[in-house]
Amino acid sequence: QAMRKPLPWVPIVMLCAAIAWIDIALAFYLRNNVLKVLTFEGCIVMLLEFFLDRSTGAIGWSLDWMIPLTFLGLGTATIAVAAYARMRLGDFGIYLLADAALSLLQLIPLLTGQNHFPPAAIACMAIYLVIVAVSFLFRLRDMKNAAEKYFRM
């Protein structure tokens, strides 16, 4: 009789399959708003990166490099889609604001000492804060209209 060995990768594959299924369902549900799909996809990817890092031994590569780079890629994709679609800042500014607010969550691992390479996370948060500050300084009316539109103020 062969000795049975545990398969530690099975829960990871099962979770990835569940996330892929939820991801596809979300993409179909939000198919009319590309920026919303990008934002949700980016958040799902970051959660998946963090889970995979923790489940493979908590090496820290997700907090050190992948999450800051994913945030920067998300911001770049948001601006590229908005430029391609010729959107006004009022139409896509709220997504940049949400991305900036979410990027500030990187302060938690920084302050608790879980991030072993802080410059990437700090640079990511600084870039988002500069983008938001410039948007508010030069396009305050557009950002105010976007906030009123999305938050029904």
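The values are calculated or read from the model by the stated rules, or taken from the named source; none is laboratory data. As the structure is a computational prediction, the values presented were derived from the model and not from experiment. Cβ sites come from the backbone with ideal geometry, for glycine too, and all protein chains shown count toward neighbours. Side chains included, ligands, DNA and RNA excluded: accessible areas come from the protein's heavy atoms. Shrake-Rupley method; radii C 1.70, N 1.55, O 1.52, S 1.80 Å.
Mind giving me the FRET efficiency for Trp21 and Met87? R0 is 22 Å, r the Cβ-Cβ distance, nearest 0.05 is fine.
Numbers: r = 30 Å, r/R0 = 1.38.
Once the sixth-power term is evaluated, E becomes 0.15.
Each principal axis of region 56-153 carries a Cα extent, and these read 45, 26, 22 Å when sorted largest first. Quantify, in whole percent, the carbon and sulfur part of the accessible surface of the chain (1.4 Å probe; protein heavy atoms only). Ligands and nucleic acids excluded, carbon and sulfur reach 72 percent. Estimated from helical segments only, the mean residue ellipticity of the chain at 222 nm is -25000 deg cm²/dmol, where each DSSP H run of four or more residues counts as -39500 (n - 2.57). Roughly how many Å² is the accessible area per residue of the chain, as a whole number, for a 1.4 Å probe? Dividing the accessible area of the chain by its residue count gives 67 Å².
Just in region 1-104: which chymotrypsin sites (Phe, Trp or Tyr not before Pro) are loop by DSSP and have at most 14 other Cβ atoms within 10 Å?
On the way: sites: Trp9, Trp21, Phe28, Tyr29, Phe40, Phe50, Phe51, Trp61, Trp65, Phe71, Tyr84, Phe92, Tyr95; in loops: Trp9.
Those satisfying the criteria are Trp9.
For every other residue with a beta carbon closer than 12 angstrom to the beta carbon of Tyr29, add +1 if it is Lys or Arg and -1 if Asp or Glu, then tell me the sum. For residues surrounding Tyr29, the net value is +1. Counted as membrane-span-like here are DSSP H helices of the chain whose alpha-carbon atoms extend 18 Å or more along the helix's own axis and whose Kyte-Doolittle mean is 0.0 or above; these are 10-29, 34-55, 67-84, 89-103, 118-138. Overall, the chain carries a charge dipole of about 340 debye about its Cα centre when +1 sits on the Cβ of Lys and Arg and -1 on the Cβ of Asp and Glu, all other atoms neutral.
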